[in-house]
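The values are calculated or read from the model by the stated rules, or taken from the named source; none is laboratory data. Keep in mind the model is a prediction, meaning the values are calculated, not measured. Positions of Cβ are generated from backbone atoms using ideal geometry, with glycine treated the same way; all protein chains shown enter the neighbour counts. Remember, those area values only see protein heavy atoms, side chains included, never the ligands or the DNA or RNA. Shrake-Rupley method; radii C 1.70, N 1.55, O 1.52, S 1.80 Å.
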Amino acid sequence: MKTNPSFSLRFLLVILGIAAAAAASSASAQQFKEAPKFYNSPSCPTIDHATTCSIEAVHIAMTLDFTYLRGSMAAILSTLQHSSCPENLHFHFVAASSSPILYETISSSFPYLNFDIYYFDSSSISGLISTSIRSALDCPLNFARNYLPDILPLCIHRAIYLDSDVILVDDIVNLASTELVGSSVLAAPEYCNADFSAYFTPTFWSNPALSLIFQGRNRKPCYFNTGVMVIDLDRWREGGYTRRIVEWMELQKRMRIYELGSLPPFLLVFAGNIVPIDRRWNQHGLGGDNFRGLCRGLHPGPVSLLHWSGKGKPWERIDRSRPCAVDALWAPYDLLRSPASLQYML
């Protein structure tokens with residue numbers, strides 16, 4: 001029996017809508033504590049908080065949804081707490097829902113935060129998403145980073161993108177000062193010891209027209225994690241990089257050339273051409289593997305940012321009373337009110 005493509009897409013959007021409504025209901029039941037206010041050090045530049053477009057501000061982009069809201073709140077708190085100029089940070093949240101709950105939650109816990117929320121229409125990307133090894137990787141909002149330069153105001157020239165499952169333990173100003181040399185569009189920590197070929201299918205590597213795409217790059221193409229990136233938005237816009245990523249996604253729908261959701265298109269477009277950042281800025285993989293979410297420890301060396309990429313999230317493991325050792329590093333930034341404190345408030 002043939003399936004009507006338009007019916008399949010409508011069915012998918014209905015399912016996504018039901019899931020979003022359920023997540024919103026769950027999130028509305030959560031109550032978060034108000035975070036303390038953090039102040040600039042005397043050496044910080046003065047910025048105009050009345051505008052979104054301040055050049056002196058550090059612009060941070062994150063996706064925001066009900067499923068990972070608890071993680072996002074912890075990420076925001078850790079970023080502010082460790083910043084020397086917290087009043088100069090401007091957060092740009094991209095959300096798949098226009099629900100006022102998201103705005104109210106952020107503004108009530110961080111009443112002094114400089115932030116904007118932008119709506120991302122997930123229906124525009126649903127038809128380009130291919131199934132991967134874990135359903136969470138196929139969430140349309142995971143692909144919003146592909147469109148950041150189009151979503152954010154044109155007056156914002158550079159931004160740091162962060163996933164919602166990160167904790168900063170260093171000053172984000174140090175990350176923001178990364179120099180994007182030459183015509184580089186983005187910077188991120190690289191991991192050249194990872195098996196780069198594993199991110200693409202035999203169909204890709206057996207096709208000379210495709211596998212030769214990495215030839216002529218500035219350096220050997222290596223895996224990099226897209227959960228932490230410094231992006232020159234102007235160069236991205238000028239080079240039409242969103243269109244380049246979408247073209248690979250369209251090809252994927254026709255002949256399946258990669259696995260793992262939103263990551264491979266970034267590798268296809270940028271691997272070998274990015275500015276490498278010290279790996280201390282993305283201690284990733286703390287969520288374990290994508291199948292079982294087994295516990296993992298920290299990599300050797302200094303740490304500036306902890307990233308619970310992978311299946312296991314620290315707040316979920318803590319709630320199940322089965323935390324990993326590294327989850328103790330996330331817990332101090334958890335703003336969720338405990339049931340006992342909620343009962344006291346009532």
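Data for the structure
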read-out: Every residue from region 43-87 that is farther than 28 Å from Ile318 by Cβ and under 21 Å from the mean Cα position of the chain (by Cα); value: Thr52, Ala57, Val58, His59
read-out: Selected residue [open to solvent by less than 50 Å² (accessible area, probe 1.4 Å) and more than 24 Å from Ile156 (Cα to Cα)] from Pro264, Pro208, Pro202; value: Pro264
read-out: Check on Ser109, within 25 Å of Glu34 (Cα to Cα), hydroxyl-bearing (Ser, Thr, Tyr) and over 15 Å from the mean Cα position of the chain (by Cα); value: yes
read-out: Region 299-312 - residue that is assigned to a loop (DSSP other than H, G, I, E, B), crowded, with 20+ Cβ neighbours inside 10 Å and modelled with pLDDT of 95 or more and, of those, farthest from the chain's Cα centre (by Cα); value: Ser304
read-out: Subset of region 64-79 [open to solvent by 10 Å² or more (accessible area, probe 1.4 Å) and within 13 Å of Tyr103 (Cα to Cα)]; value: Asp65, Phe66
read-out: Every pair of residues 6+ apart whose Cβ atoms lie under 8 Å, when the first sits in region 286-298 and is open to solvent by less than 90 Å² (accessible area, probe 1.4 Å) while the second is assigned to a loop (DSSP other than H, G, I, E, B) and of a type in the set (Phe, Trp, Tyr); value: Leu286/Trp308; Gly287/Trp308
read-out: Residues of region 198-225 satisfying the condition of being of a type in the set (S, T, N, Q) and under 22 Å from Gln283 (Cα atoms); value: Asn225
read-out: Residues (among the charged types (D, E, K, R), within 12 Å of the chain's Cα centre (by Cα) and either under 20 Å from Leu233 (Cβ atoms) or surrounded by fewer than 22 Cβ atoms within 10 Å (Cβ to Cβ) (or both)) located in region 150-175; value: Asp163
read-out: Positions within region 85-101 being within 13 Å of Ile60 (Cα to Cα) and part of a strand (DSSP E or B), in sequence order; value: Leu89, His90, Phe91, His92, Phe93, Val94
read-out: Among the residues listed as Arg244, Arg279, the single one being of a type in the set (Lys, Arg), open to solvent by 70 Å² or more (accessible area, probe 1.4 Å), out of contact with any His (no Cβ under 6 Å at 6 or more places or on another chain) and closer than 30 Å to Gly127 by Cα; value: Arg244
read-out: Options His59, His157, His90; residue that is in contact with an Asp or Glu (Cβ under 6 Å, 6 or more places away or on another chain) and not polar (S, T, N, Q); value: His157
read-out: In region 84-102, the residues that are touching a strand residue (DSSP E or B) at 6+ places or on another chain (Cβ under 6 Å), closer than 30 Å to Lys311 by Cβ and open to solvent by 10 Å² or more (accessible area, probe 1.4 Å); value: Ser98
read-out: Enumeration of residues in region 218-243 that are out of contact with any Asp or Glu (no Cβ under 6 Å at 6 or more places or on another chain) and under 19 Å from Ala176 (Cα atoms); value: Asn225, Thr226, Val228, Met229, Val230, Ile231, Asp232, Leu233, Asp234, Arg235, Trp236
read-out: Filtered residues of region 107-119 (kept if open to solvent by less than 50 Å² (accessible area, probe 1.4 Å) and touching a residue at least 40 places away in the same chain (Cβ under 8 Å)); value: Ser109, Phe110, Asn114, Asp116
